[in-house]
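Structure record follows, encoded as structure tokens.
The values are calculated or read from the model by the stated rules, or taken from the named source; none is laboratory data. All values derive from a computational prediction rather than experimental measurement. Virtual Cβ from ideal backbone geometry, glycine too; neighbours counted across all protein chains shown.
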């Protein structure tokens, strides 16, 4: 497999975002979105996915964090799609369960080329600090749509909203890491009976 890296910039009237990604990294990088809790979640995604990930976002936070969080998801999805290239020689499917104290989440991903998010998480509060818990889904919706992946995310247990969100991002990182890993038995073939993904 060649280098699997991408740098994507997205500039709109609402946000200015730059994402640099190396799928074969070690979890290094800097996440600066202006939304502290979201940066913490992106750290979990990168470190558990072992992706080197730099994200700098400047958004209209005077309104709220919605545009910033959604657009980071979109931009990161575009970076992942570019970095995996034609998907030859990669596992394609990934899954992970991650606990954090009382919380447990399951994430399953397929680099199918058919974007879809199937998300089930009940947060016991509407906000984690200043972070709107609805934005967890918005991030992953933007990501799945632009990475062209089928993504199933289920928060199976949890009483603490911080813990629930964190398990979703940790499991998301680990499932993506598995799916993006090279499949040594596959060689340079596509992981599909159709011959296209």
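Some observations on this one:
- Contact map, region 148-172: residues that are in contact (Cβ under 8 Å) with a residue 12 or more places away in the chain paired with residues that are in a helix (DSSP H, G or I) and surrounded by fewer than 22 Cβ atoms within 10 Å (Cβ to Cβ), Cβ distance under 6 Å, separation 6+ or inter-chain. Pairs shown: 148/81; 170/48.
- For region 128-176, a residue qualifies if it is farther than 15 Å from residue 100 by Cβ and part of a loop (DSSP other than H, G, I, E, B), and the qualifying residues are 129, 130, 133, 148, 149.
- Considering 137, 174, the condition of being touching a helix residue (DSSP H, G or I) at 6+ places or on another chain (Cβ under 6 Å) and within 20 Å of residue 78 (Cα to Cα) is satisfied by 174 alone.
- Among residues that are surrounded by fewer than 23 Cβ atoms within 10 Å (Cβ to Cβ), farther than 22 Å from residue 24 by Cβ and without any contact (Cβ under 8 Å) to a residue 40 or more places away in the chain, residue 106 is not included.
- Among the candidates 191, 124, the residue that is modelled with pLDDT under 95, in a loop (DSSP other than H, G, I, E, B) and more than 19 Å from residue 42 (Cα to Cα) is uniquely 191.
- Of all the residues in region 48-87, those that are in a strand (DSSP E or B) and closer than 26 Å to residue 24 by Cα number 6.
- Beta carbons closer than 8 Å, at least 6 apart along the sequence or on distinct chains, pair a first residue in region 183-197 that is touching a residue at least 40 places away in the same chain (Cβ under 8 Å) with a second that is exposed (fewer than 11 other Cβ atoms within 10 Å of the Cβ) for 190/86; 190/196; 197/86.
- From 56, 69, residue being modelled with pLDDT of 95 or more and buried (at least 23 other Cβ atoms within 10 Å of the Cβ): 69
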